[in-house]
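This report concerns only the one structure given below.
Readers should treat all values here as calculations from the given coordinates under stated rules, not as data from a laboratory. Since this is a predicted model, take the numbers as computed values, not measurements. FYI the Cβ positions are ideal-geometry reconstructions off the backbone, even for glycines, and counts take in every protein chain you see.
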Amino acid sequence: MHTLLTRNVARPHLRAATQLLRYTSSKSGSSSFSDPFPLPLSKDVPQSNSEYDEIDQSLLPPPIPRPNESLSTLRARLVYQTRKRGTLESDLLLSTFAKEHLPKMSEQELREFDKLLDEPDWDIYYWAINKKQPPAKWEGTALLDKLRVHAKNEGKVVRSMPTLGGWASSLSASQGSSKE
């Protein structure tokens with residue numbers, strides 16, 4: 001009796017879902033259901049073949065000039081900028097890359113990484129995972145090659161947002177000593 005009652009209650013919902021699927025597939029002209037909200041790089045979304053997707057560079061904010069910035073300040077700023085991008089994918093990819101590579105980078109590599117971080121988040125992410133072709137200024141650079149190797153994660157390491165570790169503790173220690 002209970003299963004009969006449950007079946008009768010559930011059937012109107014199944015009928016409504018089936019009718020909705022039939023209606024949407026008849027409107028699209030195909031027998032298969034298409035996703036109304038496709039992911040950005042899926043086969044259902046037309047891809048641009050133009051370099052850099054025709055972004056008007058004048059619309060992007062110019063990088064902030066930082067003359068006379070010390071290497072320690074530059075490293076600390078890059079750590080912050082890799083952690084606070086605004087998209088989880090970019091934050092995780094870039095912050096773990098920074099944790100692994102920033103301490104070993106030369107000043108020239110740090111400046112190049114700083115310029116890369118001026119690019120839009122999704123562009124950096126898609127270049128790193130080889131879903132989009134980077135512009136000529138980034139194609140074939142050692143930095144992007146390292147980022148791509150890092151993104152492949154061939155060691156299958158479970159990655160999470162790295163702790164600030166020594167940098168944060170040294171900052172709090174210096175603030176504590178200045179209060180005394």
With labels modelled as points extended 7 Å from the Cα through the Cβ direction, what inter-label distance (nm, one decimal) is found for Thr141 paired with Glu109?
1.4
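Rank the residues Phe113, Phe37 as a footprinting-exposure proxy: fewest other Cβ atoms within 10 Å of their Cβ go first.
Final ranking by Cβ density, sparse to dense: Phe37, Phe113.
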Among 120-128, 143-151, what's the highest-first ranking by average C-beta atoms within 10 angstrom per residue?
120-128, 143-151
Per DSSP, the loop-located trypsin sites (Lys or Arg not before Pro) within the range 58-107 having at most 16 other beta carbons within 10 Å are Lys84
Any idea what the relative contact order of the range 69-154 is, in percent, if you count C-alpha pairs under 8 Å spaced at least 6 apart?
26
Per residue convex hull volume, Cα only, the range 69-154, in Å³ is 91
Let me check I've understood the local charge: for Ala76, count other residues with C-beta under 14 angstrom from its C-beta, Lys and Arg +1, Asp and Glu -1. What total comes out?
+4
Taking the dipole of the range 66-136 about the Cα centre (Lys, Arg +1; Asp, Glu -1; charges at Cβ), the one of Ser90, Gln133, Pro103 that reaches farthest to the positive side is Pro103
